[in-house]
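Structure record follows, encoded as structure tokens.
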Amino acid sequence: MNTQFAKRDYSLTGPEAQRAEDNGLVSANWYASTIPRKRLKQLMRRKDGPAIRDTVIWVVALVSTGYLAFLSWGTWWAIPAFAVYGVLYGSTSDSRWHECSHGTAFKTSWMNDLVYNIASFILFRNPIAWRWSHARHHTDTIIIGRDPEILAPRPPDIKGMMLNLFYIKGGPTGLGKIVANSFGRLSDEDKDFVPEEEWSGACMVARVHLLIHALVIFWALKIGSILPLMFVSFPIFYGAWLTVVFAITQHAGLAENVLDHRLNTRTIYMNPIFRFLYWNMNYHVEHHMFPLVPYHALPELHEEMKNDTPKPYKGLIQAYREIIPALIKQTKYPGYFVKRELPEGASLFPGSEGLETGRADYP
Amino acid sequence: MNPQWIEVCAADEIDLEDVVRFDHGEKTFAVYRTDKDEFYTTDGFCTHAQVHLADGLVMGEIIECPKHNGRFNCASGQAIRKPAIVPLKTYPTKIENGNVYIEIEL
Ligand code: FES
């Protein structure tokens, strides 16, 4: 038996892309739980109400905490005020970005597009490039050489992941891309999934983002205070940590190169506050299997399919009790991964039997 | 090439605002019934990737693809939401004696 874990190249332009193609892992058929069509149609039904309600709450919370932060500037009270404002701005925007990128949060298209574009700006993401990136993530979830959104490649860069709690890696990368895009340049990776007819639009929108940041910097210089930056450009650094905590749980430490979201994705039960901030993305297996189901219907979808999926985690703590040791082990034994237990009687989906990256290079 | 009308199913086998898959020979089609009780047919696979549109969601005259939420107008085939960009081929569709027929080249 081959006990060596061949070093993987996670780039989209390296040899793994071809290997994925050769192994039938590109744009493949994925496992989907059986749900009666009538029921699925009910679950997929779009509504404006829940997302309007949640967006109003979000905006009111942002404005109130922002106002408190403004009033407390210069005192110690500014620290908790900005801590809360930062999470609402820099972390909550990620789930809004995500749901609206699918176009499922609101029934009305322009509402999805508006929130998506604002959230993209907050997160230093090019809304055009990232729409295509996320489509690829759904096509080839955690397929090496194909998925541009793998947060924990093996061996994982744990230090980098921790630095990213303060967006120290993602922030400069995101900003660097916006700057490069605004000068008309897209990386080879981006060109791999963004169609050519979209490139000029991506560069144009990057210029708009950059201009807004430049105006905020100009304003800060003019008044001799970083306060405007604390509200607009900096929260991603001091407030995005919660989104990183949530996002790592989605796939980290699980199988790669399988065609079954039950094996490479986690569903975690969360309290109502986290579920509000994360817009139910804790039901992540469900979301990946049925991306047409809006966030507000995911708990119901979970009830429909939970007998066909591995046991959900009881909470973030239980998930991290698994993730942290797995990532540490992967730094030494990159072939190691957490194998999710399917419910009794459930069979592995064709293409997932090999779990090809899980070779015995670990004790 | 010889265009022919092919029977798909009874009209009431397709729910209002729904879609069914119809395979004929090598080809697969998506046959829609809109909320206004109009019937349309397009190619069965999304133009973005080989995904059956019959697993998607019909909203009025719009079909949303089950994989990446790309959207098409099922009457015209026009792509109206990315990542769908390339339009779908459409096929003449009629109801006769309570059955749905589509016209395809054989
Ligand atoms: S496969 Fe239909 S939008 Fe991607």
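The values are calculated or read from the model by the stated rules, or taken from the named source; none is laboratory data. Since we're looking at a predicted model, the values are computed, not measured. Backbone-built Cβ (ideal geometry, glycine too); neighbour counts: all protein chains shown.
You will find that of B:ILE62, B:ILE85, the residue that is modelled with pLDDT of 95 or more and out of contact with any helix residue (DSSP H, G or I) (no Cβ under 9 Å at 6 or more places or on another chain) is B:ILE62 and no other.
Tell me yes or no: at least one residue of segment A:195-202 is loosely packed, with under 15 Cβ neighbours inside 10 Å and under 19 Å from the mean Cα position of the chain (by Cα). Within segment A:195-202, not a single residue is loosely packed, with under 15 Cβ neighbours inside 10 Å and under 19 Å from the mean Cα position of the chain (by Cα). Within the set A:PHE82, A:PHE70, A:PHE124, the sole residue that is away from every other protein chain (no Cβ under 14 Å) and surrounded by fewer than 18 Cβ atoms within 10 Å (Cβ to Cβ) turns out to be A:PHE70. Of all residues in segment A:250-302, those being among the hydroxyl-bearing types (Ser, Thr, Tyr) and free of Cβ contacts under 8 Å to residues at least 40 places away in the same chain number 1. I'm checking my understanding of the structure. Among residues of segment A:134-151 that are farther than 14 Å from A:HIS288 by Cα and within 12 Å of the chain's Cα centre (by Cα), which one is nearest to the ligand (Cβ to nearest atom)? Looking at residues that are farther than 14 Å from A:HIS288 by Cα and within 12 Å of the chain's Cα centre (by Cα), I get A:PRO148. Counting only helices (runs of 4 or more DSSP H) that fall entirely inside segment A:223-315 and contain at least 2 residues that are more than 17 Å from the chain's Cα centre (by Cα) and surrounded by 24 or more Cβ atoms within 10 Å (Cβ to Cβ), the qualifying elements are A:261-264.
Looking only at residues in segment B:54-70 that are within 7 Å of another protein chain (Cβ to nearest Cβ) and near the ligand (Cβ under 7 Å from one of its atoms), the one that is surrounded by the fewest Cβ atoms within 10 Å (Cβ to Cβ) is B:ASN69. Can you say whether B:GLY44 is within 16 Å of the ligand (Cβ to nearest atom), touching a Cys at 6+ places or on another chain (Cβ under 9 Å) and of a type in the set (Gly, Ala, Ser), as far as the supplied structure shows? Answer is no for this residue. The condition of being out of contact with any helix residue (DSSP H, G or I) (no Cβ under 9 Å at 6 or more places or on another chain), within 14 Å of another protein chain (Cβ to nearest Cβ) and farther than 23 Å from A:ASN280 by Cβ holds for only one of A:ASN23, A:ASN29, that being A:ASN29.
Taking segment A:134-192 as the region of interest, how many residues are assigned to a helix (DSSP H, G or I) and either within 14 Å of chain B (Cβ to nearest Cβ) or not small (Gly, Ala, Ser) (or both)?
Kept after step one, since they are assigned to a helix (DSSP H, G or I), are these residues of segment A:134-192: A:134-139, A:158-166, A:170-182, A:188-192.
Now drop any that are not either within 14 Å of chain B (Cβ to nearest Cβ) or not small (Gly, Ala, Ser) (or both), which leaves A:134-139, A:158-159, A:161-166, A:172-173, A:175, A:177-179, A:181, A:188-192.
Residues meeting the conditions: 26.
State yes or no: is A:THR75 exposed (fewer than 15 other Cβ atoms within 10 Å of the Cβ) and more than 25 Å from A:VAL208 (Cα to Cα)? Yes, satisfied. Criterion first (surrounded by 21 or more Cβ atoms within 10 Å (Cβ to Cβ), in contact (Cβ under 8 Å) with a residue 12 or more places away in the chain and not in a loop (DSSP other than H, G, I, E, B)) does A:ILE212 satisfy it? Against the criterion (surrounded by 21 or more Cβ atoms within 10 Å (Cβ to Cβ), in contact (Cβ under 8 Å) with a residue 12 or more places away in the chain and not in a loop (DSSP other than H, G, I, E, B)), A:ILE212 does not qualify.
Apart from one condition, A:LYS107 fits all of (1) within 14 Å of chain B (Cβ to nearest Cβ); (2) touching a helix residue (DSSP H, G or I) at 6+ places or on another chain (Cβ under 8 Å); the exception is (2). Using the structure shown, decide if B:ARG33 is over 26 Å from A:ARG131 (Cβ atoms), within 12 Å of chain A (Cβ to nearest Cβ), among the charged types (D, E, K, R) and more than 12 Å from the ligand (Cβ to nearest atom). For B:ARG33, the condition - over 26 Å from A:ARG131 (Cβ atoms), within 12 Å of chain A (Cβ to nearest Cβ), among the charged types (D, E, K, R) and more than 12 Å from the ligand (Cβ to nearest atom) - is not met.
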